[in-house]
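Report on the structure given below.
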Amino acid sequence: MTYREAIRAGLREALRSDPRVFLMGEDVGRYGGAYACSRGLLEEFGPERVRDTPLSESTFVGAGIGAALGGMRPIVEVMTVNFSLLALDQVVNNAATLRHMSGGQFSIPLAVRMATGGGRQLAAQHSHSLEGWYAHIPGIKVLTPATVADAKGMLLAALQDPDPVFIFEHAMLYPMEGELDEDAGAADISQARVRRQGNDVTLITFGGSLPKTLEAAEQLASLEIEAEVVDARVLRPLDISTFLTSVAKTHRVVIVDEAWRTGSFAAEISAQIMEQGFDHLDAPVARICAAEVPMPYAKHLEEAALPQVGIIVKTVQGL
Amino acid sequence: MSSRSLDLQGVSTTFTLTGEFEMQNIDINTIAQSDLQAVKQNHALTLLHEMLRIRRFEEKAAELYSLGMIRGFLHLYIGEEAVAVGAMQAFGQQDRIVATYREHGHALARGVPIRSLMAEMYGKANGCSRGRGGSMHLFDAGRRFYGGYAIVGGGLPIAVGLALADKLQSRPYVTACFFGDGAVAEGEFHESLNLAALWKLPVLFLCENNLYAMGTALARHQSQTDIAMKAQGYGFQGEAVDGMDVLAVEKATRRVADWVRQGKGPYLLEFRTYRFRAHSMYDPELYRTKEEVERWKERCPIATFQTWLRQQQLLADTTLAQIEAAVDHEIEDAIVFAEAGPSEPVEDLLRDVYTQEG
């Protein structure tokens, strides 16, 4: 099963099992979703529960918040993180704050999904990796499913959560094949996960960089360096303890993050490891991030701008 | 004033002197003429009482602000009371209210307890938002008062979503969404009107046009200053109402709330009103003349309504004195409640960020 099919399976299961669940967003109905995640769902569940919206990101995200306040369990698909910038006011000022500024009177059980990331030559306006920005905001949860199992399991977990959950699906992962237990329900959304065991170095990553990091770990193994790969999975609330356990074993850390280096989520992970695990470190924490440039269109330039397997291997060797 | 009329058709809600929410079901056909007159008088006096509560509450809040007892931003509604009080008569307990950061009047008119409002202004744990919101973020889930939005236009999409939830669950409720003329310039206004009309949602858009977006006059921020007309661009109806006439506001709102409740889609009312006080406590009011403000004050919704009530022989001096005394007493009591209220312990700083703590 692919990552895309796992999301669709999650959507279908959610729509089947809970009448309060509905899906809305740009082109989720007739078109079947810009990434085909919701193909067939309009036919199965009808236009009341699979709702095509106008290109009004701020209002349909805000309407998701309102519908959640009104007793529904909305899944809002914002086509891509790039367009989510038009809805940031609703995210930052309403979704994240309403519970707190009402003194705990309201919960907002809202799931917002969007594609994120670069790598497809879509240039400077369609290649953002801004999940780290979202993770800055208390009041929301931020998930970055990087496996087929998490693609479904995290969506179901988001729908069981009483608070607003933002799910960032890396666009390069949609065709990825993987294992999925048909009966698997909601995934844990509180912990990071070790995806590969190793004793020599800890590679921390999330989302679209996980497959690259695992491939780099295989290449390192052939060079007799055993890397432990930790998938952060949940950027907020962040599970720092899993990182520290690994660092206590390996004493070296490289963080791979597709966002720009300055102010990146990699910087946050690095700071927390330094604050809480300084004594475990035998070398400074290293970061592999995107180059500080709006994403160029040309293939070779885009490849150079993004973290790649080669640079991960090289960075580890240089530690 | 002669155009005012007290139409009781469909009166269903009122508030007692203490601001508690009560339901009254009145069948006008079954009551005697003398009783009808009494009901009319009672309702009219309730409207006056509600407007006076808001006026005095805010006058006191301004006073407490200059004494440093209330901080943050304080946006006064003085001059616009007829809108909140008149409009709120049209909504039942199950209807939903979305307001702005100038929402003391809406909260009071909705029946949010005055004690909890004053305590909120004081930042106390017994405030309606536990002291986390302040003047701009008043909430009361039990009274379906959904706040309290301080980013102009930000409440409109929330209202659309609440209405969507009701429609999807086949509930006959109306979501009333208050906003100012400034919000009309925001994209969310246009997106929300479009979506509500497209999906035929039970939202009543209530624009309080006080002629200024903070300090920018309507004609300086709108290419088309007829706000009510803008609904037509989205295929539904809008109309302008004299927002200084509480009876006109009530009558219009009842009529269109019924329309919305019947599932006919959204409706836009533009209440033409005026803010007598500065935008906030920091505003030196350089953008309008004193003469303009004075001219509008001659149309004060409370003073003109009192005059009309006297002409109709519905208001005796003793009654007014009783109402004034009740309001003063209620506000003094609220201040005592707020001042005695507990401050939340700093150890609880991080509560209510997430539903499940930790």
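Here are the numbers for this structure:
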item	result
Net charge, A:Ala286 excluded, C-beta distance under 13 Å - Lys, Arg +1, Asp, Glu -1	+2
Hydrodynamic radius by Kirkwood, which averages 1/r over all alpha carbon pairs of the stretch A:3-173, in angstrom	15.7 Å
Magnitude of the charge dipole, the stretch B:52-109, Cβ model with Lys/Arg +1 and Asp/Glu -1, debye to 20	120 debye
Cα→Cβ-extended label distance, 7 Å offset, between B:Lys297 and B:Ala219, nm	2.3 nm
Estimated FRET transfer efficiency (B:Glu59, B:Ser170; beta-carbon r; R0 51 Å; 0.05)	0.70
Solvent-accessible area buried by pairing B with A, both sides, nearest 100 square angstrom, 1.4 angstrom probe	3300 Å²
Amide proton proximity set for A:Arg236, modelled H, under 5 Å, gap of 5+	A:Val142
For peptides B:234-245, A:301-312, sequence by mean Cβ density within 10 Å, most packed first	B:234-245, A:301-312
Most mobile listed residue (B:Leu108, B:Leu204, B:Leu309) in chain B, GNM with C-alpha springs under 10 Å	B:Leu309
Sulfur and carbon atoms: percent of accessible area, chain B [1.4 Å]	51 percent
Which listed pairs, of B:Lys264/B:Lys297; A:Lys152/A:Lys249; A:Lys152/A:Lys212; A:Lys249/A:Lys314; B:Lys40/B:Lys60, have C-alpha distances above 28 Å, in listed order	B:Lys264/B:Lys297; A:Lys152/A:Lys249; B:Lys40/B:Lys60
Extension gain, B:Gln237 back to B:His329 (0.36 nm per residue minus Cα-Cα distance, nm)	28.8 nm
Residues B:Ala185 and B:Ala141, FRET efficiency given R0 of 35 Å [Cβ-Cβ distance, rounded to 0.05]	0.70
Dipole moment magnitude, nearest 20 debye, the stretch A:3-173 about Cα centre, only Lys, Arg, Asp, Glu C-beta charged	200 debye
Residues losing 50 Å² or more accessible surface upon assembly, the stretch A:92-127, compared with the chain by itself, 1.4 Å	A:Arg99, A:His100, A:Met101, A:Gly103, A:Gln105, A:Phe106
Cα-based Rg and Dmax for the stretch B:126-205, where Dmax is the largest Cα-Cα distance (Å)	13.4, 41
Selection of chymotrypsin sites (Phe, Trp or Tyr not before Pro), the stretch B:272-327, meeting DSSP coil and at most 14 other Cβ within 10 Å	B:Tyr282, B:Tyr287
Area of A:Asp181 that stays accessible when all protein chains are in place (1.4 Å probe, Å², to 10)	100 Å²
Label-point gap, in nm, between A:Gln272 and A:Tyr297 - each point 7 angstrom along Cα→Cβ	3.9 nm
Restricting the stretch A:205-239 to GluC sites (Glu not before Pro) in coil, as DSSP defines it, with at most 16 other Cβ within 10 Å	A:Glu224, A:Glu226
Whole-percent carbon and sulfur share, accessible surface of the stretch A:193-318, 1.4 Å	53 percent
Global form of the stretch A:168-319, assessed from the alpha-carbon gyration tensor, a/c cut-off 1.5	rounded
Average accessible surface area per residue within the stretch B:11-341, 1.4 Å rolling probe, Å²	37 Å²
Shielding by partners, peptide A:157-166 (average Cβ within 10 angstrom, other chains)	1
Anisotropy class of the stretch A:118-206 from Cα gyration tensor, a/c 1.5 cut	rounded
The stretch A:1-69, accessible surface, carbon-and-sulfur percent (1.4 angstrom probe)	47 percent
Full-extension gain in nm, B:Ala340 to B:Leu36, via 0.36 nm per residue minus C-alpha separation	105.1 nm
Environment charge of B:Arg132, counting only residues whose C-beta is closer than 12 Å and scoring Lys/Arg +1, Asp/Glu -1	0
Ellipsoid equivalent to chain B - semi-axes via the Cα gyration tensor, in Å	27, 26, 23
Simple spin-label estimate for A:Gln197 and B:Gln311 in nanometres, 7 Å along Cα-Cβ	9.0 nm
Heavy-atom SASA rank of B:Ser34, B:Ser129 (probe 1.4 Å, accessible area, largest first)	B:Ser34, B:Ser129
Averaged over A:70-76, number of beta-carbon atoms from partner chains that fall within 10 Å	5
In Å², nearest 10: area of A:Asp188 left accessible to a 1.4 Å probe	50 Å²
Cβ-placed point charges (K, R +1; D, E -1), dipole of the protein assembly as shown about Cα centre in debye, nearest 20	1120 debye
Residues of the stretch A:207-250: accessible area per residue with a 1.4 Å probe, Å²	34 Å²
Cβ neighbours within 10 Å from other chains - mean over B:140-150	4
Most positive-pole-ward Cα, A:Leu301, A:Ser17, A:Val76, against dipole of chain A from beta carbon charges	A:Val76
Cβ-defined net charge surrounding A:Lys141, 10 Å radius [Lys, Arg +1; Asp, Glu -1]	-1
Proportion of all alpha-carbon pairs of the protein assembly as shown beyond 50 Å (%)	22 percent
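The values are calculated or read from the model by the stated rules, or taken from the named source; none is laboratory data. Predicted model only: the values in this text are computed from it and were never measured. Note that we place each Cβ from the backbone using ideal geometry, even for glycine, and neighbour counts take in every protein chain shown. In case anyone asks, the SASA skips ligands and DNA or RNA and just uses the protein heavy atoms, side chains included. Shrake-Rupley method; radii C 1.70, N 1.55, O 1.52, S 1.80 Å.
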